[in-house]
Amino acid sequence: MPDNSWLPIPKENIIKERFAKTKPIMTPSEAVVESSRCIFCHDAPCINACPTSIDIPMFIRQIMTKNTTGAAKTIFTQNILGKSCGQVCPTSVLCEGACVYHDLNEKPIDIGRLQAYATESAIDKNIRFFEKGKSTGKKVAIIGAGPAGIACAHELTVLGHEVTIFEANKKPGGLNTYGVAPYKFSNEDASKELKYISEIGFKIKTNSPVKEVKKLEKEFDAIFIGTGLGSSRKINIPGENLKGVFGATEFIHNLRAKELKVSVGKNVIVIGGGNTAIDAAVESSLLGANVTIIYRRSEKEQSAYNFEVEHAKKHNVKFMYLTSPVEILGKGNITGVKCIRNKLKKSEIIPQKGSEFVVSCDMLIKASGQKKMVEFFNSISKIKLGNGKIIVNKDFQTTNPKYFAGGDCINGGKEVVNAVANGRDAAHGIDKFLIKNKRK
Amino acid sequence: MANLETNFAGIKSPNPFWLASAPPTNTGYQIMNAFRAGWGGAVWKTLGTPIVNVSSRYSAVSYKNNKLMGLNNIELITDRSLEVNLKEIKEVKEKFPKNALIISMMFETKEEWHDCIIRCEDLGVDGFELNYGCPHGMCERGMGSAVGQNPEVCERITSWVTEKATKPVIVKLTPNVTDISKPALAAQRGGANAVSLINTINSVTGINLTTMEPNPTVAGQSSHGGYCGPAVKPIALNMLAELTNNPNFKLPISGIGGIETWQDATEFFLMGATSVQVCTAVMHYGFRIVTDLISGVSNYLDLNNMKHVTDLKGIAAKKLRKWEELDLNYKVIAHIDPEKCISCQLCYIACEDGAHQSIALLPDSRIPIIKEDTCVGCNLCSLVCPVESCISMVEVKTKKKKLVWANHPANPAHI
């Protein structure tokens with residue numbers, strides 16, 4: 001790496017300060033004040049907006065009455081990853097977005113932080129609400145210890161099935177461990193939550209990528225696929241193999257794996273308009289870089305949430321809209337990127353000939369989506385895909401009846417909370433399949 | 001600007017806002033600060049035979065996040081010597097001659113009462129208030145509410161005072177009775193010039209769920225206390241109206257009980273009070289709240305083209321009648337403004353589970369609908385609605401004349 005164009009890794013205390021939680025855990029008095037604001041709607045819109053249908057007004061009322069244990073149970077009953085969801089959910093477009101206070105021009109209830117408050121309290125005290133169900137003698141394998149896999153494993157364990165999760169990475173947790181922004185949910189948060197959940201009694205085999213499914217099929221009665229998405233997509237322009245060019249998923253994975261102790265270029269370009277582009281940009285900025293996001297369409301078309309865009313702007317991330325990279329420049333190491341201006345004709349992107357220009361940079365992060373794990377899925381017989389995503393029925397069963405799937409591998413990449421809902425519901429689909437509706 | 005000057009049974013003050021006899025009037029220092037802040041008068045914390053106080057003394061009721069919805073105390077009368085109190089009374093009266101300074105008293109013997117009256121009058125105080133109200137501690141010694149609850153004793157002790165005092169005498173009544181007119185009329189017979197009400201209500205505010213001890217705790221034990229603050233206002237307003245509407249009761253009334261805002265004070269005037277006394281609100285927020293009491297009542301009077309605060313006196317009390325005088329042909333039904341509705345559906349569930357099942361939900365809308373044919377006009381939906389003036393109760397005009405219970409066909413006694 002060229003020495004003067006890369007930044008030293010910030011000192012530990014500086015990292016800690018810069019990556020401090022954007023939504024810190026509430027104090028007990030904050031929680032009482034905030035929970036008192038909730039008006040306890042009937043058939044509350046926030047519940048309907050939550051993919052896991054947590055009884056939000058009920059847990060908020062329980063926080064208000066200082067029945068924090070009851071609140072945690074209300075949350076965990078619907079969503080065993082309620083702690084991470086409280087911290088990483090885009091609440092302003094889910095539960096908080098549906099809060100009736102918006103109609104009064106009042107700040108909605110801070111549901112995410114209240115949820116994190118109640119669940120953290122139970123996790124810290126290791127107050128347990130669920131136990132392993134009476135054994136059914138059935139064994140289920142889960143591929144991937146991400147939110148979908150963990151939620152599925154927990155629910156299956158409660159139902160009495162023997163569960164083993166196979167995880168390719170060194171640590172379980174999936175995106176909670178290797179993907180989400182660390183100022184939302186830290187490595188420590190992830191490992192605490194996983195320990196709390198897995199103590200119910202399911203196995204997680206880490207460093208265990210599943211390459212061949214035949215063996216699993218023999219040993220297990222059902223298999224749940226919760227592999228998420230694959231590596232970052234290529235952008236297919238010259239220079240993609242230069243040093244200093246990274247995929248966003250890999251950059252963030254590395255950042256989380258190294259506990260934020262990574263070096264970034266002085267000037268960083270991020271290509272893409274989604275939430276992952278924002279995360280990579282803000283993280284680079286927090287590590288000291290000057291960051292510019294280049295996006296081919298305009299601000300309006302950007303898929304990143306508004307609040308995320310605002311967050312990036314707060315961290316001095318610059319945005320260059322209606323711009324596409326055409327070539328990554330450099331010899332060995334990246335030195336810049338040649339771009340072209342676009343115009344939009346309805347949704348069609350029309351590059352403007354002669355508008356090419358060069359932006360110099362020391363590092364480039366590609367955040368234009370992730371590949372789907374098509375190759376792996378195709379290695380399993382009779383599983384049908386649609387657009388690279390596994391097709392499932394309402395029980396989350398694939399076209400091969402022994403296989404179920406949920407999370408990003410069926411939806412193409414949504415929130416942690418969607419994966420949790422899928423995993424939980426798939427567990428009931430698997431239960432139905434295994435014991436043929438004999439459960440009462 | 002409307003005139004707030006007050007003449008209460010001969011006691012003059014620049015405005016009708018007085019501090020009640022309580023911790024805020026414990027010392028001359030406090031009362032002088034209160035007068036500087038704008039309070040029209042103050043009733044000195046009760047003088048009496050020496051006592052000793054406990055620690056702790058207060059406990060409160062919160063509602064959700066609102067503190068001091070109700071306050072409870074087991075503090076007794078002044079725990080400072082009579083000499084110190086008299087010295088400070090003199091100083092206050094000299095520095096603030098225009099503010100009303102009323103001395104609250106509680107003694108056992110006629111001689112003690114007389115002695116205190118003479119010494120106070122020498123200092124130029126404006127009047128006396130007889131504490132027949134404290135429901136804790138002093139009543140166990142035959143004073144406080146023990147007097148207020150026994151009309152004969154109330155009358156006798158009042159007459160001891162009135163035979164000696166040359167300044168107006170106010171009797172402070174306890175609400176811990178079934179009929180407030182009994183002690184009020186006894187005070188009138190005893191020669192009192194006015195009454196004040198209400199003193200505090202017997203109460204236990206709550207129990208500490210960690211120690212399982214009632215609040216407030218004194219070395220692991222507690223004692224019932226006197227309840228005051230915003231929570232008691234409705235009880236005070238009712239008792240005030242009972243006296244205002246009693247044709248045999250002729251004395252002016254100083255209203256007490258949960259007054260915190262100018263709206264509260266105005267309601268007391270409308271129910272018949274000539275002055276009002278405040279304690280809990282000052283214990284919560286300090287003397288400065290009087291600024292809004294003064295400006296709020298003034299603005300309200302101006303808005304209603306009234307010249308003097310006494311113009312308000314008793315207007316609402318006249319409208320408080322026996323149930324049997326109410327018009328059974330009058331009918332309102334709820335109306336929900338769909339523009340204002342935030343679709344919380346609290347009205348729906350309140351009516352469905354707690355009232356008359358007269359609000360419906362439609363499949364494709366979150367805005368509830370009133371079932372006008374079954375709505376009884378109970379008000380509950382409009383009370384639980386979190387949005388200002390979203391649910392209104394609209395009169396259903398009929399051509400029917402007023403019909404009271406006595407004349408109603410369903411009344412078995414009706415011929």
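The values are calculated or read from the model by the stated rules, or taken from the named source; none is laboratory data. Every value quoted in this text rests on a predicted model; they were computed, and no experiment measured them. Glycine gets a Cβ as well: all are built from the backbone with ideal geometry, and neighbour counts include every protein chain shown. These accessible areas exclude ligands, DNA and RNA; they are computed on the full protein's heavy atoms, side chains included. Shrake-Rupley method; radii C 1.70, N 1.55, O 1.52, S 1.80 Å.
Estimate for me the total accessible surface buried between chains A and B (protein heavy atoms, probe 1.4 Å, no ligands or nucleic acids), in Å² to the nearest 100.
1100 Å²
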Counting lysine pairs in the range B:323-407 that sit 8 or more positions apart or on different chains, with Cα atoms under 16 Å apart, gives 6
For the range A:233-291, run through the GluC sites (Glu not before Pro) and keep only the ones in DSSP coil with at most 10 other Cβ atoms within 10 Å of their Cβ. none
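Antiparallel DSSP bridges in chain B: what percent, to the nearest 5? Can you show the working numbers first?
Details: 24 of 53 bridges.
Within chain B, antiparallel bridges account for around 45 percent of the total.
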Nearest-0.05 FRET efficiency for A:SER231 and A:LYS382, computed from C-beta distance (R0 30 Å): 0.70
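How crowded by other chains is B:381-387, given as the mean number of beta carbons from other chains within 10 Å of each beta carbon?
Whole-number average of other-chain Cβ neighbours for B:381-387 is 2.
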GluC sites (Glu not before Pro) restricted to DSSP loop in the range B:263-342 with at most 16 other C-beta within 10 Å: B:GLU339
What angle, in degrees between 0 and 90 and rounded to the nearest 10, separates the Cα long axis of helix A:187-198 from the longest principal axis of the Cα atoms of chain A? 20 degrees
Step through the residues of the range A:346-357 one at a time and calculate ³J(HN,Hα) from phi using the Karplus curve (6.51 cos²θ - 1.76 cosθ + 1.60, θ = phi - 60°), rounding each to whole Hz and writing x for Gly and Pro. 6, 9, 7, 8, 10, x, 9, 4, x, 8, 4, 8
Gap in Å between the Cα centre of the range A:183-204 and the Cα centre of the range A:319-377? 37 Å
Kindly express, to the nearest 10 degrees and within the range 0 to 90, the angle between helix B:151-162's C-alpha long axis and the longest C-alpha principal axis of chain B. 50 degrees
Using a Gaussian network for chain A with springs between C-alpha atoms less than 10 Å apart, which of these wobbles most: A:TYR183, A:TYR101, A:TYR403? A:TYR101
Pseudo-spin-label distance B:LYS307 to A:LYS134, built 7 Å along Cα→Cβ, given in nm, is 8.8 nm
FRET efficiency for A:SER191 and B:LYS340 from the Cβ-Cβ distance with R0 = 41 Å, rounded to 0.05, comes out at 0.25
Helical contribution to [θ] at 222 nm, DSSP H n ≥ 4, -39,500 (n - 2.57), averaged over chain A, rounded to 500: -10000 deg cm²/dmol
Report, please, the projected area of chain B averaged over directions, based on the convex hull of its C-alpha atoms, in nm². 25.1 nm²
So A:ASN48 and A:LYS343, fully extended at 0.36 nm per residue minus their Cα-Cα distance, gain in nm 102.3 nm
Using a 1.4 Å probe on the protein heavy atoms only, what accessible surface does B:THR261 show? Give it in Å² to the nearest 10. 40 Å²
What aspartates and glutamates could a cross-link reach from B:LYS307, if we take a straight Cα to Cα line under 16 Å and drop same-chain neighbours fewer than 8 places away? B:GLU5
Relative contact order of the range A:245-366, pairs being alpha-carbon contacts under 8 Å that are 6 or more residues apart, as %: 29 percent
Do you know the relative contact order of the range B:252-296, to the nearest whole percent, from alpha carbon pairs under 8 angstrom that are 6+ apart? 45 percent
Under a GNM of chain A (C-alpha, springs under 10 Å), which listed residue has the highest mean-square fluctuation: A:GLY144, A:GLY133, A:GLY272? A:GLY133
Hand me the trypsin sites (Lys or Arg not before Pro) from the range B:345-415 located in a DSSP loop with no more than 15 other Cβ atoms within 10 Å, in residue order please. B:LYS371, B:LYS397, B:LYS399, B:LYS400, B:LYS401, B:LYS402
Which residues does the label zone of B:GLU388 cover in the range B:227-262, counting backbone N under 17 Å from a point 7 Å along Cα→Cβ? B:262
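Anything over 29 Å Cα to Cα? Flag those among A:LYS205/A:LYS438; A:LYS21/A:LYS345; A:LYS11/A:LYS300; A:LYS134/A:LYS215; A:LYS389/A:LYS436, in the order listed.
From the list (A:LYS205/A:LYS438; A:LYS21/A:LYS345; A:LYS11/A:LYS300; A:LYS134/A:LYS215; A:LYS389/A:LYS436), the Cα-Cα distance tops 29 Å for A:LYS205/A:LYS438; A:LYS21/A:LYS345; A:LYS11/A:LYS300.
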Report, to the nearest whole %, how much of the accessible area of the protein assembly as shown belongs to carbon and sulfur atoms, 1.4 Å probe, protein only. 52 percent
Taking amide H positions as placed in the peptide plane 1.01 Å from N, state which residues far from A:ILE365 in sequence (5 or more) or on other chains have amide H under 5 Å from it. A:PHE246, A:ILE269, A:VAL270, A:ILE271
Its Cα gyration tensor gives the protein assembly as shown an equivalent ellipsoid whose semi-axes in whole Å, largest first, are 71, 32, 28
Can you give me the Cα centroid spacing of the range B:81-160 and the range B:1-71 in angstrom? 15 Å
Modelled label-to-label distance, A:ILE14 and B:ASP353, 7 Å Cα→beta-carbon offset: nm? 5.6 nm
Explain nothing, just compute: Karplus ³J(HN,Hα) = 6.51 cos²θ - 1.76 cosθ + 1.60, θ = phi - 60°, for every residue of the range A:136-148 in order, whole Hz, x for Gly and Pro. 9, x, 9, 10, 10, 9, 10, 9, x, 9, x, x, 5
Tally the DSSP beta bridges in the range B:104-225 and give the antiparallel ones as a percent, rounded to 5. 30 percent
Set the Förster distance to 30 Å, then compute FRET efficiency between B:VAL332 and B:LEU209 from the Cβ-Cβ distance, nearest 0.05. 0.10
The range A:27-64 to the range B:264-320: how many Å between their Cα centroids? 38 Å
Find the accessible area per residue for the range A:88-182; the probe is 1.4 Å, ligands and nucleic acids are left out, and the unit is Å². 35 Å²
In Å², what does the accessible area per residue of chain B work out to with a 1.4 Å probe? 47 Å²
Which angle between 0 and 90 degrees, to the nearest 10, do you get for helix B:110-122 versus the longest principal axis of chain B when only C-alpha atoms count? 90 degrees
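Rounded to the nearest 5, what % of DSSP beta bridges with both residues in the range B:1-133 are antiparallel?
Of all bridge pairs located within the range B:1-133, approximately 40 percent are antiparallel.
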Can you list the residues of the range A:133-156 with backbone N under 13 Å from a point 7 Å past the Cα of A:ILE435, pointing along Cα to Cβ? A:133-139, A:156
Given a cut-off of under 8 Å on Cα pairs at least six residues apart, what relative contact order in percent is computed for chain A? 17 percent
Each label point is 7 Å from the Cα along the Cα-to-Cβ direction; what then is the distance between the points at B:TYR58 and B:LYS87, in nm? 2.7 nm
Dipole magnitude of chain B about its Cα centre (Cβ charges: Lys, Arg +1; Asp, Glu -1), debye to nearest 20: 680 debye
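If you count, for every residue in B:57-68, the Cβ atoms of partner chains within 10 Å of its Cβ, what is the mean? Don't skip to the answer; put the middle values down first.
Values: counts 0, 0, 0, 0, 0, 2, 1, 8, 8, 1, 0, 0.
Partner-chain Cβ atoms within 10 Å, mean over residues of B:57-68: 2.
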